[in-house]
1. Taking the criterion of being of a type in the set (S, T, Y), in the same structural domain as V16 (by TED's automatic domain parsing) and touching a residue at least 12 places away in the same chain (Cβ under 8 Å), would at least one residue in the stretch 56-69 satisfy it?
2. Just give me the residues in the stretch 339-360 being assigned to a helix (DSSP H, G or I), surrounded by fewer than 21 Cβ atoms within 10 Å (Cβ to Cβ), touching a residue at least 40 places away in the same chain (Cβ under 8 Å) and not aliphatic (A, V, I, L, M), in sequence order.
3. Which of the residues spanning the stretch 820-856 are within 18 Å of L941 (Cα to Cα), assigned to a helix (DSSP H, G or I) and not aliphatic (A, V, I, L, M)?
4. Could you please let me know if L98 is on the phi < 0 side of the Ramachandran plot, at pLDDT below 90 and not aromatic (F, W, Y)?
5. Pick out the one residue from Q889, Q848, Q873 that is touching a Phe, Trp or Tyr at 6+ places or on another chain (Cβ under 9 Å) and either surrounded by fewer than 24 Cβ atoms within 10 Å (Cβ to Cβ) or closer than 30 Å to F108 by Cβ (or both).
6. So how many residues does the stretch 180-197 have that are under 19 Å from R225 (Cα atoms) and part of a helix (DSSP H, G or I)?
7. State the number of residues belonging to the stretch 528-554 that are touching a residue at least 24 places away in the same chain (Cβ under 8 Å), under 30 Å from L339 (Cβ atoms) and either assigned to a helix (DSSP H, G or I) or not assigned by TED's automatic domain parsing to the domain that holds L577 (or both).
8. Of the conditions (1) crowded, with 21+ Cβ neighbours inside 10 Å; (2) over 27 Å from the mean Cα position of the chain (by Cα); (3) modelled with pLDDT under 85, A81 clears all except one; give me its number.
Amino acid sequence: MKGLGFEFRILGPVEVLHHGNRLTIRAAKLRTLLAALLLDANRVVTVETLIERVWGDDAPNGARNTLQNYVLRLRRLLNGAGWECPLTTHPRGYAIELPADTLDLHRFDALVRRARAAAAVEETEQAATLLREALRLWRGEALADIGSEVIRRDVVPVLDERRLDALELRIEADLALGRHEDVLAELHGLTTAHPLRERLWRQRMLALYRSGRRGESLRCYHNARDALVEQLGVDPGDELRELHRRLLTASPALAYVSPPRVRGNLPAEVTTFIGRARQLADIGRLVRGNRLVTLTGAGGVGKTRLALRAAAELSGDFPDGVWLADLTALPEGRPLEHLVVQALRIRDQSARPPADVLADFLRDRRLLLVLDNCEHVAAAVGALADTLLRAAPGLRMLTTSRHRLGLRHEHVLVVPPLTLPPVAAASRERPLTGYDAVALLVARAAAAAPDFRVTHDNHDLVVQLCRRLDGIPLAIELAAVRLGTLSIAEILERLDDCFRPLGGDIRAMPRYHRTLWDVIDWSHELCTEPERLLWARLSVFSSGFDLEAAEAVCSGSGIARRDVVDLLASLCHKSVLLARTQGLRTRYRLLETIRQYGGRRLADMGAEARLRRLHRDHYQRLVATAAAEWCGVREVEWLSRLRRELPNLRTALDFCVTEPGQADNGLEIAVNLTRVRSWFFTSTIGEGRHWLERTCALSAPGPRRTDALAMLSWVALLQGDHRLAERYLAEHRAPASPVATYLEGAHAMLTHSDAGAIPVLARARDMFRRAGARGDAHMATMLWAMACAFLGVPDVARAAGDAYLEEADANGAAWAQSWALWTLGLTRLRLGDTVAAIELLRDSLVRQRDIDDRWGPVWGAEALAWAVAAAGQYHRAAELLGAARHLRQAVGVGLITLRPFHEMHIEAVRLVRGNLDARSYAAALERGARTEDASPWPSCLVEALERHGVVHTSSESGATR
């Protein structure tokens, strides 16, 4: 690939290096021309654009000829001693073609993207590290030695904005990690240099407050307001004003709470944890002494919050981490094991039963598995727990459920309500905040009613309210929200009026259940009629949802679409909804007990079936749109979004297989999710096969079902289940649809290494194109190019690889580009060009890492090992073979069932073992499989992705080091 060995830098003065040696560009216009090309690297820059960037309004006569002369001089410089020049000529202009990581701006953007992804899943330390690495690439002002007025006016400010944005993100991460004192001096300088950036002022105010300098923090607000008024004539925005209000009241929410360091996936606490010291001690004792502990208790009593805090405190006992699987959104009777596999981040794509996958994964590990909200699938949880505990002696399990699981070796702890003060007359001997129920009320009231205090005047009413709410945390939190608009006396008056049954005789419920439902019922009565209606309709969502989904599913018949956003905000203010903004989207969630209440209201209205159909319709449209836009600029966005919506997709699919007459809709959803490779990207291919099998079994015969069966065969083929793949192939060979043709070619290539696959896949590609199925046509192009690389003649393989990359580039498809580079790398390897192959395969892996692809790296690591072995770097090749084996085992796929891959693997192993003694080979394999705690990727593979991770200039000796 062009650009190999080069490194270009524009985040500072323009610099060019070739294999670490600096190239001098003395002519200012040549540096400007190079900068103008690098700003649009890997894209054609028109002659007109280049003339404008080089000369601005002062272009000389004959500028085109002069530009052509500059291009020739720049190409001569970059050609050096016969190097492959990255500067190319096109009909409309010129382009500089660079592999990933060659330009510092591209590396900066990739690191920031990875940091945002880490921050979104609360991996804050990783985000801060990545952002520091990104900011270190800056060597001063971007393009500091470029004199072009156009570039300095139109480009440099944009680059500076990206740098400032990354800097703000890094400071945000530092504040989240408790480094408030470390960033004070930096923030002082930044707010001085950029007085109109409100986010920097907010960060400085928060850092000062957390450093014990409240007065200075308040003065900062006035300085920010003065700057904004003086220079822009505007007041500070809502976020800055809200922070100022909280500073005035010394809101407890502003205090820094150090998160416990836990290996696993426990969510960070977003509010202070109150009390429960005795229960925490009991759970610690029980978990350390027993294999299975279940927390039971009424809804809203705090089982989940208690389990998560206990698990975090126990994390030091479990070297392999503490892991949470939330079963709330799991439909009753649906496969529990798939969800647990996903929660443990096991990347298994095999055809093995998921219970076997879990048992094998846990067998030699010491970890704590938390299963939350088990009551609706208690029998399935009990069966799985029994299987896993027998298979994995180092496993401990902590479950929450409204009733016990019923296993003989289960230890049950009933979670009581929070401690309550005695009757008012006796309670004055001890501070009320010493009782957990009162402490929670005061802490949660701080946000809604900052002036609320327990005083001599309201002392008895506080006691009465906490006792009236039975010390149930959820009930107390709902009541605390009302303290912003009602007094305690008014709240008590309304509670006394709220004993109304809901959907039956609520007084037949246990006392704590009744109290909670009373409080939720009262909160419901305080909502407006549209808010109540939206609350009920939102209960059809599983886990979470965004504004688009709420508008699509819940508007109409009493709720105007334009009003949904305001109603959502109102329900958030009333603590009925939780909201969290990640990236550009805000997601909303109902607490499970509140969702169940809304579900009962919806059922009482007789609207449940209609809303479930609307829910299904929305997610069916969502997946169909993703399929239509597949192999386009938004494909990675779609893959990430579908991963996030998996709980709702499961609910929609479950509706389709349990509701009569809906199977064809479910079939469409399952097929489209397979079409966009969502099951592969999220490492849930076993679940994908499950839904394809269920919907196929229930759907009527026809073209759609035929295509679905072909998709199912494709999944089975990649899982190594050739018997099922061949059965479906035999049954559906006759229709000769594009999908069936594609499957026939894939089977010929992957199962038999048959070169006859090449024309068959080419035919499938043409059929998809004629049908207007762009995404499917691209997948056929991918497999056709791959077949050419494995099985075709060199010229055909090179042309196919180039066609595949050109197609991916033209569509702006990042996932497709990563696989196109993989295919080109394989082609170069088969042609004997190991240097280019290594660079291309590294580039492919870097891109897959950046988009969090969980399928591609398995094959990227394996192919990189082949190329490194062919280059004569036998120790490194053995390490990469060990890394690839580790990834295959984690994902659960086998090479032996994919013949061309297996043949290449055998050749690489033969080559490496022939040049290393047995001890060195085994040691290198073991080294290659090692991982760091912070990454699921083996360390040697991470190292290989760094710029000097694989040596290109020399080979190792044939023996040992």
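1. No; the residues of the stretch 56-69 include none that is of a type in the set (S, T, Y), in the same structural domain as V16 (by TED's automatic domain parsing) and touching a residue at least 12 places away in the same chain (Cβ under 8 Å).
2. If the condition is that a residue be assigned to a helix (DSSP H, G or I), surrounded by fewer than 21 Cβ atoms within 10 Å (Cβ to Cβ), touching a residue at least 40 places away in the same chain (Cβ under 8 Å) and not aliphatic (A, V, I, L, M), then Q342 is the only one that fits.
3. Scanning the stretch 820-856 gives W822, G825, T834, E839, R842, D843, S844, R847, Q848, R849, D850, G856.
4. yes
5. Just one listed residue meets the conditions, Q848.
6. So the answer is 7.
7. Count: 11.
8. Exception for A81: condition (1).
The values are calculated or read from the model by the stated rules, or taken from the named source; none is laboratory data. This structure is a prediction, so every number in the text was calculated from the model and none was measured. Cβ atoms come from the backbone with ideal geometry, glycine included; neighbour counts cover every protein chain shown.
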